[in-house]
1. In the range 68-96, how many are in a helix (DSSP H, G or I), out of contact with any Asp or Glu (no Cβ under 8 Å at 6 or more places or on another chain) and either touching a residue at least 40 places away in the same chain (Cβ under 8 Å) or under 24 Å from A154 (Cα atoms) (or both)?
2. Within the range 100-126, can you find the residues that are within 20 Å of T40 (Cα to Cα) and touching a Ser or Thr at 6+ places or on another chain (Cβ under 9 Å)?
3. Between R65, R58, which is crowded, with 18+ Cβ neighbours inside 10 Å and part of a helix (DSSP H, G or I)?
4. For residues that are free of Cβ contacts under 8 Å to residues at least 12 places away in the same chain and either in a helix (DSSP H, G or I) or within 17 Å of V48 (Cα to Cα) (or both), scanning just the range 97-122, find the one that is nearest to the chain's Cα centre (by Cα).
5. Before we move on, is L18 in a helix (DSSP H, G or I), in contact with a Gly (Cβ under 8 Å, 6 or more places away or on another chain) and within 15 Å of A153 (Cα to Cα)?
6. If I go through the range 20-47 residue by residue, how many of them are surrounded by fewer than 22 Cβ atoms within 10 Å (Cβ to Cβ), within 18 Å of G144 (Cβ to Cβ) and among the aliphatic types (A, V, I, L, M)?
7. Suppose we filter D108, D143 for residues that are modelled with pLDDT of 90 or more and of a type in the set (D, E); which single one remains?
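The values are calculated or read from the model by the stated rules, or taken from the named source; none is laboratory data. These numbers come from a predicted model, not from an experiment. A quick note on method: Cβ atoms are made from the backbone with ideal geometry, for glycine too, and the neighbour counts reach across all protein chains shown.
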Amino acid sequence: MLTWCRARTRAGRTATELYGSIVTAARRQPFYVRHGVPDTPDGRFAMVVMHMCLVLERLRREGPRGQDLSRALVEAFVTDMDDCMREMGVGDLAVPRKVKKAAGALYDCAAAFRAAGSASGEAALADALQRSLLPEQAGATADGLAAYMRRAAAALEVQPAAVLLSGRITFAQVRGE
């Protein structure tokens, strides 16, 4: 029993570190300046979800350890969404519903990106980005974000599993950095 608790705590710490890297990557200035993503809670959420999807997709290929870390990473995401909504003043009764909606958006985007990623070219991915994350942001350049996602996925693919499973990750550069 104690071993399970220790493993869960270790996975939680690793996921928290990984989630911090995801949020840091999502806050990089070129997304908001060069690619037109609005620097609003919705725009920041979109960039976090985009990076979460990239990491979750990479972790899928790492077997049981990757699945455990994925689960802990989603828990870190849900905890952060809960905290952010409370900080923004969302009422206690509405927070669970909104967090559930945010988690659903993450899973929907992951499925849409996985389907679009198997298609050739970036048009399908750009379309999935526009529909899933940026429906009201006509100024956001989904084509540029799709190109970034392809580069980031390729960069994640060559990172050693041991490094990724230890909570360290390096994302591709955003054009304009």
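1. Residues in the range 68-96 being in a helix (DSSP H, G or I), out of contact with any Asp or Glu (no Cβ under 8 Å at 6 or more places or on another chain) and either touching a residue at least 40 places away in the same chain (Cβ under 8 Å) or under 24 Å from A154 (Cα atoms) (or both): 11 in total.
2. Passing the criteria: A105, C109.
3. Working: R65 fails: crowded, with 18+ Cβ neighbours inside 10 Å.
Checking each option against the conditions leaves just R58.
4. As a first pass, look at the range 97-122 and keep what is free of Cβ contacts under 8 Å to residues at least 12 places away in the same chain: 97, 100-101, 104, 107, 111, 118-121.
Checking the rest, the ones that are also either in a helix (DSSP H, G or I) or within 17 Å of V48 (Cα to Cα) (or both) come to 97, 100-101, 104, 107, 111, 118.
On the way: R97: 20, K100: 16, K101: 15, G104: 13, Y107: 10, A111: 13, S118: 18 Å.
Per the stated criteria, the residue is Y107.
5. Working: in a helix (DSSP H, G or I): yes; in contact with a Gly (Cβ under 8 Å, 6 or more places away or on another chain): yes; within 15 Å of A153 (Cα to Cα): no.
No: the conditions fail for L18.
6. Result for the range 20-47: 3.
7. Details: D143 fails: modelled with pLDDT of 90 or more.
Selected residue: D108, the only one of D108, D143 that is modelled with pLDDT of 90 or more and of a type in the set (D, E).
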